[in-house]
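Read the structure below first, then the notes.
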Amino acid sequence: MHSAIINGLFLLANLHFCQHKANGIISGGGGIDGGGGPGAEAQQQHYHSVIKKFSPHPYFDFDIPRNVTTRVGQTAFINCRVEQIGDKWVSWIRKRDLHILSAGMVVYTSDERFQVTRSERSEVWTMQIKFAQQRDSGAYECQVNTVPKMSMTFQLNVVEAKALILGPTDIYVKIGSAVTLTCIITQGPHDLGTIFWYRGTNIIKPTETHPNETSVAAAYPPRISVELKWTEALTSRLKIMDAKLSDSGNYTCMPTSAEASSVMVHVINEENPAAMQRGGTIVSQSSTPCQLYLLVALVLLVSRCHPCWSRLLPQSSSAPSS
């Protein structure tokens, strides 16, 4: 009976849509099950408005995201919107172990991280999971106590997002050369925010170019610039042109929604390099000729004193023959 009413309302929504389209009120092609685009979005909105106007029964809003991703330690929000709920209520079930987490506003779990919120007269029932952990990942069911029951499944993904600066943790560059630090976040929510760069405790602010100075900027690019883009990962590149000795220091890539990563940059004077990198340690170059001179002097001293040593050694006497 319930499905027959919904099908009737679906047909009514289609008839209303076709009438509005013929009158030029709505543009786009297809029915309620048509393809994407602005026309399909308008169809969905019109369909929901018709259902809300004529249906006395609860129904789900399918426009709310059902695949939710959050970072470890943050609060996860799973929103279930039920229209025309009337005197019914929503229950949340964790499908992994079929545990009933809540019924209405009452929570049935000893885990205090779980909480249900609903604003007054709101149609959105939100399951909150504070300090989300990776073990919280999985399917959660929003269930309405109709007969038969209505349910919609949501997928929660809790990921541990970390920033990574490519390359070694100690970077050595010559004065006057270019430095490029690349920081990536390969795992995490699609809405990862942005990435800030720090040298020590000071935030790095790239040189901004006025829109009227684009031609000048192309010929003379800024000495320090930051490039941020999202492809398969969130990537930020810090570029330092004409490196100076004052650019040496600890550089930190600090995302707004992931753990930070740091490297140490050493700018070395090219005319008189004080040190060089060997296996991650600093070895002085000036010690090499000194060691060579000492070795030559030691060889000469041994060769000159060899006759003296032969005179000082006792002569071995041979035993008398019987």
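Peptides 161-167, 110-116, 231-237 ranked from most to least packed give 161-167, 231-237, 110-116, packing being the mean of other C-beta atoms within 10 angstrom over each peptide's residues. Residue separation of I203 and M241 scaled by 0.36 nm, minus their Cα-Cα distance, works out to 11.9 nm of gained length.
Across segment 99-169, C-alpha contacts under 8 Å between residues 6 or more apart give a mean separation that, scaled by the residue count, equals a relative contact order of 19 percent. Max-minus-min Cα coordinates of segment 66-117 on each principal axis give 36, 23, 20 Å, with the largest extent listed first. Spin-label model, R113/W230: points 7 Å from Cα along the beta carbon direction are separated by 2.5 nm. Once the C-beta distance of I64 and T169 is scaled by a Förster radius of 51 Å, the resulting FRET efficiency is 0.75 to the nearest 0.05.
Just so you know, all these numbers are worked out from the coordinates, no wet-lab data involved. Here the structure is a predicted model, which means the values were calculated and not measured. Cβ sites come from the backbone with ideal geometry, for glycine too, and all protein chains shown count toward neighbours.
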